[in-house]
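A short write-up of the structure that comes next.
No lab work stands behind these numbers, since they all come straight from the coordinates. Bear in mind the structure is a predicted one, so any value in this text is a computation, not a measurement. In this analysis, Cβ positions are derived from the backbone assuming ideal geometry, glycine residues included, and neighbour counts consider all displayed protein chains.
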Amino acid sequence: MKMTFRWYGKTDPVSLEYISQIPGMTGVVTAIYDIPVGEVWPLDKITELKEEVNVKNLEMKVIESVPVHEDIKMGLPSREKYIENYKENIRNLAKAGVEVICYNFMPVFDWTRSNLDYKLPDGSTALVYYRDEIEKMDPRKGELSLPGWDASYQKEELNAILDKYKEISEEDLWNNLKYFLEQIIPVAEEVKVKMAIHPDDPPWPIFGLPRIITNEENIDRFLKLYDSEYNGLTLCTGSLGVARDNDMPGMIRRFGKKIHFAHLRNIKIIDDRSFQESAHMSKYGSLDFVEILKAYKETGFTGYARPDHGRMIWGETGRPGYGLYDRALGAVYILGIWETLEKGC
Ligand code: DNO
Ligand code: MN
């Protein structure tokens with residue numbers, strides 16, 4: 001397992017230097033953030049980013065995310081142009097030595113929470129999802145501000161997209177995903193870049209929009225849409241694990257070699273469809289990290305991993321979920337368990 005850390009580029013309050021000081025860090029997971037969704041990332045921008053990272057003795061082998069344009073997800077005729085651009089991005093990233101691309105296929109909203117700074121009894125803050133709160137929110141009123149999605153939409157634009165999605169069923173979304181994979185996976189194979197879809201977070205429909213990468217059965221269906229070593233997964237324990245039926249160690253064993261990127265984070269299930277993000281250590285959440293890592297060990301996992309989100313602790317401010325301290329603690333905790341397993345203890 002190669003441990004990495006998500007880094008949001010020059011504007012990230014967490015510096016590359018600090019990341020390189022975390023024990024066991026091999027690289028960062030990053031992206032080009034100032035190019036609109038669907039456009040081509042120029043090769044010189046990619047190489048510049050890679051060099052900036054490499055100077056700090058960190059690698060840039062995983063990109064998260066190359067976002068998929070809504071027209072592709074909706075299956076509009078204009079998808080052709082965006083798919084061509086996507087292929088170009090895969091080729092350019094390969095030229096810069098990238099091995100894995102993480103992306104997702106969630107309509108409109110990426111990861112969603114009801115509160116980004118929920119105060120826990122110890123004074124730390126965490127991202128939480130409370131079903132009642134979410135049900136009261138109306139994205140059409142422009143009252144949502146979530147860190148995980150494209151905030152550049154104007155209210156009218158967003159409403160127009162939401163209207164178009166009314167005609168798109170779950171089956172349509174599956175077909176559009178298949179069409180996308182049929183186009184991009186041959187390119188990924190050619191340039192040897194592993195595509196790794198991130199599951200839907202949370203793994204159920206929100207705001208009336210369909211979500212399909214949600215459980216074992218659907219992930220199995222996804223992998224069968226295009227059978228290739230290059231069509232794989234970002235297995236996110238924190239996303240899938242909030243649904244009690246998703247057995248994380250079981251899914252890791254089942255999907256084994258198709259997992260190209262491991263997102264490791266813990267969550268505490270509060271009740272049906274409500275959860276808090278917690279510290280990584282098993283006793284604070286609903287997931288057992290020794291069991292999760294044992295499953296990775298058994299499958300012979302040698303891929304990339306990252307601690308995903310963390311709480312805000314020790315007075316740190318910045319991008320919710322992506323502070324330095326709690327994620328660093330999580331990474332080292334995970335590496336500690338991994339070392340123990342590797343030594344066969
Ligand atoms: C949530 C996070 C997400 C993820 C994107 C991948 O668990 O890992 O921000 O990066 O959804 O496309
Ligand atoms: Mn994740």
Enumeration of residues in the stretch 283-315 that are more than 16 Å from ligand 2 (Cβ to nearest atom), within 22 Å of Glu342 (Cβ to Cβ), not basic (Lys, Arg) and not in a loop (DSSP other than H, G, I, E, B): Val290, Glu291, Leu293, Ala295, Glu298
Conditions (1) away from ligand 2 (no atom under 16 Å from the Cβ); (2) farther than 20 Å from Leu341 by Cβ; (3) not in a loop (DSSP other than H, G, I, E, B); number of the one not met by Phe275: (1)
First in the stretch 235-248 and farther than 17 Å from Thr112 by Cβ and basic (Lys, Arg), second anywhere and part of a loop (DSSP other than H, G, I, E, B) and more than 9 Å from ligand 2 (Cβ to nearest atom), Cβ under 9 Å, 6 or more apart: Arg244/Asp272; Arg244/Ser286
Members of the stretch 4-26 found to be of a type in the set (D, E, K, R), without any contact (Cβ under 8 Å) to a residue 60 or more places away in the chain and within 15 Å of ligand 1 (Cβ to nearest atom), listed by number: none
Conditions (1) more than 10 Å from ligand 1 (Cβ to nearest atom); (2) within 17 Å of Trp41 (Cα to Cα): number failed by Asp117: (2)
Selected residue (criterion: farthest from Met1 (Cα to Cα)) from residues of the stretch 27-77 that are free of Cβ contacts under 8 Å to residues at least 40 places away in the same chain and of a type in the set (Val, Ile, Thr): Ile35
Scan of the stretch 8-38 for residues that are out of contact with any helix residue (DSSP H, G or I) (no Cβ under 6 Å at 6 or more places or on another chain), in a loop (DSSP other than H, G, I, E, B) and of a type in the set (A, V, I, L, M, F, W, C), ordered by number: Val14, Ala31, Ile35, Val37
Enumeration of residues in the stretch 277-292 that are more than 22 Å from Arg253 (Cβ to Cβ) and among the hydrophobic types (A, V, I, L, M, F, W, C): Ala279, Met281
Residue list for the stretch 94-134, filter: closer than 17 Å to Glu189 by Cβ and within 18 Å of the chain's Cα centre (by Cα): Val98, Glu99, Val100, Ile101, Tyr103
The stretch 151-179 residues that are without any contact (Cβ under 8 Å) to a residue 12 or more places away in the chain, paired with ones that are in a helix (DSSP H, G or I) (beta carbon under 9 Å, 6 or more apart): Tyr153/Ile161; Glu167/Met74
Within the stretch 1-30, tally of residues that are surrounded by 15 or more Cβ atoms within 10 Å (Cβ to Cβ), of a type in the set (D, E, K, R) and more than 28 Å from Glu88 (Cβ to Cβ): 0
Residue identified as loosely packed, with under 15 Cβ neighbours inside 10 Å and under 19 Å from Phe109 (Cβ atoms) among Tyr82, Tyr33: Tyr33
